[in-house]
1. I'd like the full set of residues that are aliphatic (A, V, I, L, M) and either within 13 Å of residue B:142 (Cα to Cα) or modelled with pLDDT under 95 (or both), limited to region B:164-196.
2. Do we find a residue being more than 30 Å from residue B:42 (Cα to Cα), open to solvent by 20 Å² or more (accessible area, probe 1.4 Å) and among the charged types (D, E, K, R) anywhere in region B:382-393?
3. For residue A:368, are the conditions met, namely being polar (S, T, N, Q), surrounded by 17 or more Cβ atoms within 10 Å (Cβ to Cβ) and either within 27 Å of residue B:614 (Cα to Cα) or in contact with a Cys (Cβ under 8 Å, 6 or more places away or on another chain) (or both)?
4. Suppose we keep only residues that are in a loop (DSSP other than H, G, I, E, B) and among the β-branched types (Val, Ile, Thr) within region B:614-656. Which one would you say is nearest to the other protein chains (Cβ to nearest Cβ)?
5. Under the condition of being in a strand (DSSP E or B) and surrounded by fewer than 21 Cβ atoms within 10 Å (Cβ to Cβ), which residue from region B:437-459 is nearest to the other protein chains (Cβ to nearest Cβ)?
6. Consider region A:70-86. How many of its residues are polar (S, T, N, Q) and within 12 Å of another protein chain (Cβ to nearest Cβ)?
7. Counting only residues that are assigned to a strand (DSSP E or B) and out of contact with any strand residue (DSSP E or B) (no Cβ under 7 Å at 6 or more places or on another chain), how many does region B:690-719 have?
8. Look at residue A:89 and say whether it is of a type outside the set (A, V, I, L, M, F, W, C) and surrounded by 24 or more Cβ atoms within 10 Å (Cβ to Cβ).
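The values are calculated or read from the model by the stated rules, or taken from the named source; none is laboratory data. Please read all numbers here as calculations on a predicted model, not as lab measurements. Here Cβ is always computed from backbone atoms with ideal geometry, including for glycine, and neighbour counts include all displayed protein chains. Accessible surface areas use protein heavy atoms only, side chains included; no ligands, DNA or RNA. Shrake-Rupley method; radii C 1.70, N 1.55, O 1.52, S 1.80 Å.
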2 protein chains.
Amino acid sequence: MKYVKYLVVLLVVVATSNNVLRAQDHPKLILTQEGVKEIRANLGNLPILDKTLAAIKEEVDAAIQKGIDVPVPKDYSGGYTHETHKRNYRLMQKAGILYQLLNDYRYALYVHEMLKAYAELYPTLPVHPKERSYARGKLFWQCLNDSNWLVYASQAYDCIYDYLSKKERKHLEKNLFKPFADFISIQNPHFFNRIHNHSTWGNVAVGMIALVVDDEDLLERALYGIKDVELNTGTKDNDGGFIIEEGKAAGFYANLDEPFSPDGYYTEGPYYQRYAMYPFLIFAQALQNVKPELKIFEYNDDVLVKSVYALLDLSDQDGDFFPINDGQKGMSYYNTSLVNAVDVAYYYGNKDPRLLDIAQKQGTVVLNDAGLAVAKGLKNGEKQPYVKKSMQLRDGANGEQGGISVLRKDKLELVFKYTAQGLSHGHYDKLSYSFYEDGDEVVQDYGLARFVNIEQKGGGNYLKENKTWAKQTVAHNTLVQDQSSHFGGKYEIGSKNHSEYYLFNSEDPKLQVVSAIEENAYPGTKMHRTMVMIQDKGWQKPIILDVMQVESDKAHQYDMPFYYLGQLMTLNVPYNTEEVLRPMGKDFGYQHIYKEGDAKLTNENLKFSWMANNHFYTLTSLATEKDSLILGRVGATDPEFNLRRDPVLIHRKSEELNTVFASVLESHGTYSPVTELAVNATSNIKNLSKVYDKDGYWAIRIDTVDGRKNVFVFSAVNKATDQNHNISIEGLELKWKGPFALININ
Amino acid sequence: MKYVKYLVVLLVVVATSNNVLRAQDHPKLILTQEGVKEIRANLGNLPILDKTLAAIKEEVDAAIQKGIDVPVPKDYSGGYTHETHKRNYRLMQKAGILYQLLNDYRYALYVHEMLKAYAELYPTLPVHPKERSYARGKLFWQCLNDSNWLVYASQAYDCIYDYLSKKERKHLEKNLFKPFADFISIQNPHFFNRIHNHSTWGNVAVGMIALVVDDEDLLERALYGIKDVELNTGTKDNDGGFIIEEGKAAGFYANLDEPFSPDGYYTEGPYYQRYAMYPFLIFAQALQNVKPELKIFEYNDDVLVKSVYALLDLSDQDGDFFPINDGQKGMSYYNTSLVNAVDVAYYYGNKDPRLLDIAQKQGTVVLNDAGLAVAKGLKNGEKQPYVKKSMQLRDGANGEQGGISVLRKDKLELVFKYTAQGLSHGHYDKLSYSFYEDGDEVVQDYGLARFVNIEQKGGGNYLKENKTWAKQTVAHNTLVQDQSSHFGGKYEIGSKNHSEYYLFNSEDPKLQVVSAIEENAYPGTKMHRTMVMIQDKGWQKPIILDVMQVESDKAHQYDMPFYYLGQLMTLNVPYNTEEVLRPMGKDFGYQHIYKEGDAKLTNENLKFSWMANNHFYTLTSLATEKDSLILGRVGATDPEFNLRRDPVLIHRKSEELNTVFASVLESHGTYSPVTELAVNATSNIKNLSKVYDKDGYWAIRIDTVDGRKNVFVFSAVNKATDQNHNISIEGLELKWKGPFALININ
């Protein structure tokens, strides 16, 4: 392997002082001269900042000891050259900061030597040898990672800019930065001129270097895309997303306009929002510092700061993001891009003291003006608890493409998704939900089929099961018609549609409701799902009422999968188990589910109890004797063991025109393996019944073991909050105001 | 349901003072009068004791508010009457303590009223209506639980003894305590006169009440069993254990002699030792207090205190007991019986300050003289860390029936089992092992098939899969011959045999070795397994070398199951996966394993890498082209979903006479879902080879990717530590002293 290696010796010998004569006008990008001055003055005085600085210093010092390694590019993610270049850009950025804050030339020298090594290597490089990407980079297998490099390297360059001679700067800009910026933009317009997180990185990379070197043309390209370029519409990227759609604007502003809703929801979901936030916010800081007249943080009604809150609110009790769409489980607000996001939202937002709570949990700050403000706030004891509440976020640039809601109470969290497709990382999962207790998944969203950056598993990239399984409808807790996915699993159709918000109301924490409609997933079929979090007397914890109304112009088979995690305790109907396990189907994800057992249902309620994380749960569902139940297991047709062997329960209705799936989900008990005591191990629901269903009204009655009788009434046609309603049920006259109510009939 | 309910009102009204005139000679059993005096004097001054007392007070006060409930017995474990009686005896014991420590008559009254309710109910009771037990109780479905009741109730009675009038005492003793003690002994001799944890409870129950009421005959019965009783030998209990074996002694002493080894290992394993410790230690305390002349804590060379250490050392880094034999995972030294054990071992042992470390983690103490001593030790800052070390524990009353070893270094723990059968709770798992990192299972022992006290699952009792799966050899990480279990899975044979210790050496923490032999599990076949924990240069963590030598007089098929937890990353041989999953066999546990895939091996090393708990592991094994590999999944033939769907890898050798299974297990890397960085994701082993195998010597050579070459040499025939050895390998003359050595040949 050919690589350039400079030793520590060299770094110590070449001590220069060529910056004494010039006026200082850098750093200006992320660190500012005022910020540097103030941080230096506060060193030793702000615990979280000092700790962060010490950690970075230790890391960079160790790297300087090891010397510089700039290998010829060769590998995919997870491979040696990939990880080395990735480490390099992070090290450069950190060394640049250390140079500024500690005023120690060794760090500037390190950055300079590394940049020189890149300036020597870069002009010799062809496009990267790995061919999988639709937009191959030079240092990395995709332009995306090359852009990452430039975003970080620009910051490092800004930090040592004044340390370098004019000639040294000219050399780097001519042989490295300018051709680098041109390659990821002009030479890859299908990568650069796009509405996608990849392009955001590209735009920002070009914009960052433009601001450092003060190049207006480059900045223009970053903000508004490449002008006068013609691209073929209709082609797709590796994830199946359209590369170019007709008539779309491009550049940073366009990427800010389109994927963010007015509530700050990023249409790809929190996992990718976390990834995208870094370029958005780092560039916003740079613009704010260098071009304050653009007022970037006020753009689109403060959407950037709102997006940070959206992201925090889309995490569970432990701070892990809900893994909707292509989200890898375990990604959380402890990720470094969220450290930056929280510090930025604090400093450029309203100095919200609740953000200090998250910052303290993160245990680290960014080393710039924003991080300084957070460190001071923490030092001054201004922190207030960040209590996550029930909330909804609209999707779509205008907020008119459905959305996502989280209902919360005590330690329970219900995530209900009725968004648009979510670009190429979206799943075919209209009106799906997931359910958490104590930060643990109870009814899961499967997430993606990928081991990010683990080279042994498909080079760390998306696995083919991501398309054949993870994106398919049956992999989610939502309705499947005729064993086919929403929109036929076709991105062309899915990306043109979105669900419709019906209502969201969390005013009364004891009766929180969210409701949404999907009419396009299966043409001719309307689904209207309403999820209610009810805290009634006699229940220790809230219960979840889930009602999915289905209306169709033809008879269909309907499957309602339920991805409980844990182990079956009881099922109140006799069931068969299979001696031999076979896949349930051939396509749309069914080929990945083994049938482990089945049952014929009756007109009684179906009751399924299971245990997970030492908690007992029960699902009580309306059933008819025409229904059946399938006990399934993920993992069929999985030749490389890429899937988890997770269980699923599928409630099936055959040959139905209009129908309703209704159930109550209870978290009712606990088990301790230490005391071996099982507390409240059984359901408190005696009977669930549909007592009304006509003219756009429906009502579900819940009778409990301890004798409570409640009716939840809902109007699916009139959602005016001041409308009076009135229906007669079993001889009782029920009256209420607004679209829903919980009425006790004891 | 008929039950007696006394209300709080009653308790408040009937304030009595009928104890003023009598001499105080109680409490004397567990609490002593001196202890009470000293605890009272220290109230408010010993944080851990005050906290414990406050918690108990809160619990008992709440119970007093609710009133007394003594229902007619009806249910199995987990059911209402069972759990109520269980709660009652615990409440009485606690209320008794509160009466003594707080000198508040309300608590004595509560105990008295409850005992009166029992004295009213008990004489009316037939044997318990549930018929499953070989020894049905009256309050509970088995005499075992009745005995639990009496052990606790005796303590409560002792605490309020002086509070009661002579007449009141006579009433309770005549109608409740004496008939109760007779029922679980004389009327159930097959329960009482046995060597088993059940009988220990029975003996202790009778002994405790004997000491309170000062009844020498009862005490004699407790200590030495029922005299002159003839029982049928050969009958079995519900777990398949023999009830009575010929010529066995009985009673407390016999139960102390037989199942404890001289090292304090209890032959059923730590899960049952934890359960058994409470009666042993509570009665030992009582004997020490009432009959100090018996010097019970010095009995059998301090075996009782040793047994507490044995138990602590058989827990993982988190304090969870290794789940060998019928052990339920998650049981730990946080269990209340261990709180008692640790306090007793501290107070009646050598005031070992390391035990204070465990006590502090437990966060609670027992409210008696022992707990007082611990609370004082903690208050005085005498605590020292309890660092668990590598160790071996011999099994068998004389320590000559094999044993169990744990090799430890850094965060790794290897458990190697070569014990006797372990009575009726033993598994057919000679020479099996399990492996832990950071307190997490990596290569698991399956544990039991039972949901203890979870009534929905088989009444909370052993499930039939415990016999058909959990006990079988193939459910363990050890050798299976011809798809049959050790001893043919027959308890009659297994219980007469044990493995043989060969050597254990942990003197050098960088080269720890344990080795044992099994010659009876498969007649005509000798297995000799040696496990080595090696910490060599260049490795961040120790590796495990595992060599199983097999010699047989006939050709057999050999399966070596490997119960890794987690997900497959890579396998270095091409493998097939099954479209349809079928059970691997009909019996001996094979009926519970699905075959998911298989591979034909080659003469190269087999390398299997997987990820678990965000760590990367690799198993590198010697292989030949005659070998095959099966990728299996637990869960076949499981009509009630009682089994976990855990994976297994089975290395198969067919038609072999003498053979060797040799492998190296590495923990080599980590993954973070937050940074998405994979560090050291691949194995550091380049090649593993057997370079010598004759005349009782064998040698395994390990070549690493970074160029180290080591040979581990072993003498399977001469284990003298001063013996010089010398063999020639590939032209190299290797010399060493003692039975083993690791020799670098770079």
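1. Within region B:164-196, B:184, B:195 qualify.
2. Yes, some residue in region B:382-393 is more than 30 Å from residue B:42 (Cα to Cα), open to solvent by 20 Å² or more (accessible area, probe 1.4 Å) and among the charged types (D, E, K, R).
3. Criteria not met by residue A:368.
4. Checking each candidate, the answer is B:637.
5. Applying the filter and picking the extreme gives B:450.
6. 1
7. 1
8. So residue A:89 does not fit the description; no.
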